[in-house]
Structures are given as structure tokens and as C-alpha cells.
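I'd like to ask some things about the structure below.
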Amino acid sequence: MAAAPSTLVTQIREELSCSICLELFTRPKVLPCQHTFCQDCLQDHAGRGGAFQCPNCRQEGRLPPQGVTDLPENHLVISLCERLQNQATLSGETREQSKSGNRCSFHPSEVLKVYCKQCQIPVCDLCLEQAHDDHRSTTIKKAAQERRLTVQELINEGKSILERYTSFSSILSNKDKSLNELRQQRDNSIIQAYNQMMQKLTQRKDHLLSESQQSHKENWDRVMNERGRVLADINELFAACHRAEQELQLGCVEILSQQTTLTEVVGKYRGKAAPTPVQTQPAVFQPTDTSVPLLGHVTVQTLPSAPIPEVPVPIPAAPASSNDVTGGTGHHHGHQRQAEDQVKFGEGGSGTGQFSYPFGVTVSDEGEIFVADWGNKRIQVFTLQGTFVRQFPTIVLGGGDTKPRDVAIDREGNLWVVVRDIEDSDKFAVQYNKHGRVLRQFDLQNTGWYGGVTVDTRRNHILITFTQIKPGKCGYWDKPHGEVLVFRPDGTLVRTVGQQQGMKFPWCITVDGEGNILVSDIYEFNCVFVYNETGIFLFQFGHRGSFEGQLYNPHGICTDRAGNIIVADRGNRRVEMFDKRGKFLKHIATDMRRPWAVAMATQGQLVVTDYEKHTVSIFHTY
């Protein structure tokens, strides 16, 4: 039997309620674990940033740089909440209409009394005389009785379907809880296996070090014993010769008395074999040829599932993209080759080769990849095969750690990095050599947002995107406006670019082979602005959307040898290529999570950072 309407509404309302405030969702935001909460509730729970736990599943996570407001919205929940509220409003209006009587919309003073069968609408007496006089009609009460059974059957059928959907939603909620519990158990097993293996490796390491120390001690004792015997002989010979020299200077009698002693000592060593090198047997460590032992495997098991009510839920098939060149979408840790034309490495964490929001990236002429590891406050360096080389912290003159926003290489091969301190009170443009030594720096105004940096190597100018912002309503920015600041290496401002075009929020920037300046604007235009080398506007391309040639939240930008423009289309989760005039050419990758920065190597490889997956991908575009 179908549930009562009030029960169904209550169940649906519970499904659409935040588990923190227990009210209908307000500006619902989705965490990486896919749980949804009100924006304000998350703000109170997570604070101003950093690591926090999901209130439901306790999964660790980090907020984006802009905080809770930069988390993706749950548009499905927004739509369902609006429908529920509209339904409640509509029900209230219907009750009000019923209380005020059924009045004619054309003659408000008249009551609807007759039902026109031909027009299938209720009418008043005046309407019947003026427009429906020759139509077949009946009373409203009789017409309602004829329709009552059909309407009631539809109501019952709708309630039954709604009940099944509600039951199915509850089952999915229970499945979500069960999956989280299984994941926690599985993760605990992995950690336990890792700890056991590390304990065994530590014990083996200690044993090998003990053997090495014992071998060293045996050889050292052998050398020291032989050295002691040789020193005794040296002392005896030296003493005999020294006394003979002294007596030789004193007189003839003393010479005669010392001759016998000296003859005996020298004669003793004349026939004695000279000391020979000591034969030592140093130990040698030979690593085993086998790879590092595997912790185990995470496999997918097919488990018998609980019966689920039959609910007609159409699932459209996803069309395959002929331009997708990224290969498989499996999850990989460390340095992995995804396909013949893609290498992916990195994962979330603070260890070597791990990232915490890899934002900026650049590639040297020698093929070294420099990644701005924002959350870990460092620059990491890799080869074009994804092999870790070195790292260094992004410190500034005067001391203090800072977070790197973006990185670029100048004509001398040094790095320019835009950084800000932990409290976001100071911002700098810092020049490092390739090994992390600070060469110079200059302050940036603390009145806005600094996004990307690039270097015009022909003029040795440092170009940095800047946005003047101030908080607005609901945590959003109020009328931001941006520009490109062009500096000399000593921090002298040469000029600004982009004010005349009303640039809103410029983010990433690059300079192509002809010296043209290309800037991505993420806030309102969702486009790329192109200027010549002196800052004169040439054209712009792209606008908000998901079709070919459209962009949504474009971030990283670079050019290849042919002058083609590569854009990290963050909002559409893809990387795209345009020609030098902004005409769409192809998709390079369509399965990214949050592509952020792009850089082109001289050998033709494209390097892309994904700040949500904490990975770096290398594509062979030629």
C-alpha cells in the first residue's frame, strides 16, 4: 500500500537535509568523498582552510585555496530542493484558492459553475453565454465525478513509484555507509601490511649494518696490528742512527764504541724483508635483483547484493571521443605509464614525489620539470620520464617559509616564483637558481590576488597577473578587475596590460615565440586575451560553455613550437589545443579532474598538473 503523502514528503525532505544543521540544503557543496553539506555549515566545520575530516565518513581532505566557496556545487540537490520548496508553495496557494472559492479569471465576481466538454475547461455563467453557448456542457460536480476515478488511479500510481524511489534512495544511503566502513577496514589492512613490511625491512637493514660494522672492525684491527709492528721497527732503527750521529760529532772513542751497536742493528734489518702491504677483505653490499616486495593487491570482488526495488532509471551511454588521446583512467600511484603517449606520476602527500596542490609548472631546456608544490611549500624537480631529481623549500630573504603559486624560467635558466607567506600578509616575486638558492626578490602589493608568472626572455621582463578584489555578499568577490604587471628583474614596474579590455580575473599567463602575451581570465569572460609584445590588444577567444571552442574556468596556458595555444580547461576537466588565432583544433585530454597548469618542453612533451588528483601528467603531442 502506498505511503501517505506526508510520510513521503518527510522521507524526501530527510534525504535533502544537511546532516550538520538538519535543514534543507543551502548552497550545497560537494566534498572529494562525494558527501554534501551546506556551504555555511562546512565553513563552520572546516574553518579557514587546511586539513579537515568529512563529518560523515571522516575521510581526510583539504580545502581549495579559496576555501569552502571554491568547492563544487551539487546542482542536482539544488534543483531537488527548489522543487520541494516550490511544491510546498504551490500547495499553500491551492489551499488559499480553495478557501476563496473557485472564481472565474475573466469575471472575478462570478463563480465557476459549468464545465465545457468541448473546450475541457470550467466556465462561469457569463462565459457560457458569451463564448460557449453552443458547446456541450455539464455541471462541474458531474465532470469532477467522471474524472475522479482516473485522477485517483494516477495519484495512487505516482505515490507507488515515489515510494519505490524513496526506498531506493534509503538503500543507497545505507550502501554509502557500508562502503565507507569497508574502505576504512581495507585501508587499515593496507597500513598494517605496510607497517609489518617496514618492520621486517628495518630488521634486515639493522642486520646488514651490523655485518658491515663487523667486517670493518676485523679489517681495521688487522691494519692497526701491522702498523704497530712496523712502528716498533722504525723506532729501533731511528734510535740507533740518531745515537751514532751524535757520537760521530763527539770524538773518536765514542765512534768506536757505537760502531758495534750500530752494526748489530743495521745488520738485523739488512737481511730482514721489507714490510708488505696488509691484505684486507672489505665487505661489499650487493642489492638483490628482485623488486621491492609488493604489499598486496586491491581487487574488486563481486558480492551478492541485497534486493533492490525495480526503479526505472535511464542511464545514457557516454559517447566515445575520437580526440581523446589520454588512454585509460585507472588510478595510479608514483611513476606510471598510462599509455604510449602519457606518463603520470605523483599522489597526495608530503613525501618525495608527492604533492599537495601542484599549481605552477615549467620545463627547462635541459628537460627538467619544476613543479610548484603549493601545500608542501617547495619546488620539486623531475625528469621528463617522471623520475624525481631533487627539491628545495621556497624560502625568502629574511627567512620564513612561503607557498609557491606559479613558476617560470628566465633566459639564464633561473626560476621566477610568485609566493605568499602562510598568513597571506606578504607576497613576493622571488628568483632562485635551479638548486633553490635565492638570488633576488621584490615585494608585491598586498592589496589583491597574484596568480601566474612568466618571463619575456627577449626583454628579460617578469610578467605577473594581478586582480584587485574585495569581499562581496555571500563570500563572493565584488566586481574584481585585473591586469598584467610587467616588471624588470629589480622590481621596477615597466607597464600594465589589459585594463582597457575590462579584464576581470586574469590567472595564468605565457609569452609565445613572437613575444605576444596570452592571459586566461577565469571569472566572467572564461576566455583567453592576446596582446602583442608592447601590450596592445590583438584579440580574444573562448567563452563560457562546454562545446568545442568554449571554455569554463580556463587556467594554465602555453604554446608549442608551431605557435598553437594549449589551455587547461579546468571547469570542463580537459586540456585543449587552439591555433595561433584561437581556432579550436583538438582535445589533448578529456578525463582530467582539475587540470591547473601546463608547460611545453622543447622536445614536444606537454606537462599538465592536476591539483585535485595531486598528479602530473606528460603527454607526447607530436
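The values are calculated or read from the model by the stated rules, or taken from the named source; none is laboratory data. As the structure is a computational prediction, the values presented were derived from the model and not from experiment. Using ideal geometry, Cβ is built from the backbone for each residue, glycine included, and neighbour counts are taken over all protein chains shown.
Among the residues that make up segment 492-505, is at least one of them surrounded by 14 or more Cβ atoms within 10 Å (Cβ to Cβ) and within 23 Å of ASP610 (Cα to Cα)?
Yes, that holds for at least one residue.
Any residue in segment 432-458 that's assigned by TED's automatic domain parsing to the domain that holds TRP374 and modelled with pLDDT of 90 or more: show its pairings with residues that are surrounded by 14 or more Cβ atoms within 10 Å (Cβ to Cβ) and polar (S, T, N, Q) at Cβ separation under 6 Å, as long as the two are six or more apart or on different chains.
Short answer, once both residue conditions are applied: ASN433/ASN414; LEU439/GLN431; ARG440/GLN431; GLY452/THR465; THR454/THR510.
Just checking, how many residues over segment 165-195 are touching a residue at least 60 places away in the same chain (Cβ under 8 Å) and hydrophobic (A, V, I, L, M, F, W, C)?
4
Turning to a different aspect of this structure: Residues that are crowded, with 24+ Cβ neighbours inside 10 Å, under 24 Å from PRO72 (Cα atoms) and touching a residue at least 60 places away in the same chain (Cβ under 8 Å): does segment 569-585 have at least one? Walk me through how you get there before you give the answer.
Pass one, segment 569-585, residues crowded, with 24+ Cβ neighbours inside 10 Å: 569-570, 575-576.
So of that shortlist, the ones also under 24 Å from PRO72 (Cα atoms) come out as 569-570, 575-576.
Filter once more, so that each one left must be touching a residue at least 60 places away in the same chain (Cβ under 8 Å): none.
Taking every residue of segment 569-585 in turn, none turns out to be crowded, with 24+ Cβ neighbours inside 10 Å, under 24 Å from PRO72 (Cα atoms) and touching a residue at least 60 places away in the same chain (Cβ under 8 Å).
Being among the aromatic types (Phe, Trp, Tyr), closer than 17 Å to ARG13 by Cα and touching a strand residue (DSSP E or B) at 6+ places or on another chain (Cβ under 7 Å) narrows it down to one residue among PHE52, PHE37; which is it?
On the way: PHE52 fails: closer than 17 Å to ARG13 by Cα.
Sole residue among the options that is among the aromatic types (Phe, Trp, Tyr), closer than 17 Å to ARG13 by Cα and touching a strand residue (DSSP E or B) at 6+ places or on another chain (Cβ under 7 Å): PHE37.
Shifting gears a bit: Kindly check whether there is at least one residue in segment 380-391 that is buried (at least 21 other Cβ atoms within 10 Å of the Cβ) and without any contact (Cβ under 8 Å) to a residue 24 or more places away in the chain.
No, segment 380-391 has no match at all.
If I filter segment 202-225 for residues that are within 30 Å of PRO275 (Cα to Cα) and either outside any helix (DSSP H, G or I) or among the β-branched types (Val, Ile, Thr) (or both), do I get at least one hit?
yes
Every residue, every condition in (1) of a type in the set (D, E, K, R); (2) over 26 Å from ARG62 (Cβ atoms); (3) under 22 Å from the mean Cα position of the chain (by Cα); (4) in the same structural domain as PHE355 (by TED's automatic domain parsing), yes or no:
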| position | (1), (2), (3), (4) |
| --- | --- |
| PHE525 | no, yes, no, yes |
| ARG581 | yes, yes, no, yes |
| MET600 | no, yes, yes, yes |
| THR609 | no, no, yes, yes |
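Then there's this: Residues being more than 12 Å from ILE618 (Cβ to Cβ), in contact with a Ser or Thr (Cβ under 8 Å, 6 or more places away or on another chain) and modelled with pLDDT of 50 or more: count how many of those fall in segment 317-359.
8
Here's a follow-up. Of all residues in segment 210-231, how many are touching a Pro at 6+ places or on another chain (Cβ under 9 Å) and within 12 Å of THR280 (Cβ to Cβ)? Working first, answer last.
Of all residues in segment 210-231, those touching a Pro at 6+ places or on another chain (Cβ under 9 Å) come to 215-216, 219, 226, 229-230.
After this cut, where a residue has to be within 12 Å of THR280 (Cβ to Cβ) as well, the list is 215-216, 219, 226.
The qualifying residues number 4.
For segment 451-458, check the following and say yes or no: at least one residue is surrounded by 12 or more Cβ atoms within 10 Å (Cβ to Cβ), over 25 Å from GLN354 (Cβ atoms) and touching a Ser or Thr at 6+ places or on another chain (Cβ under 7 Å).
There is at least one residue in segment 451-458 that is surrounded by 12 or more Cβ atoms within 10 Å (Cβ to Cβ), over 25 Å from GLN354 (Cβ atoms) and touching a Ser or Thr at 6+ places or on another chain (Cβ under 7 Å).
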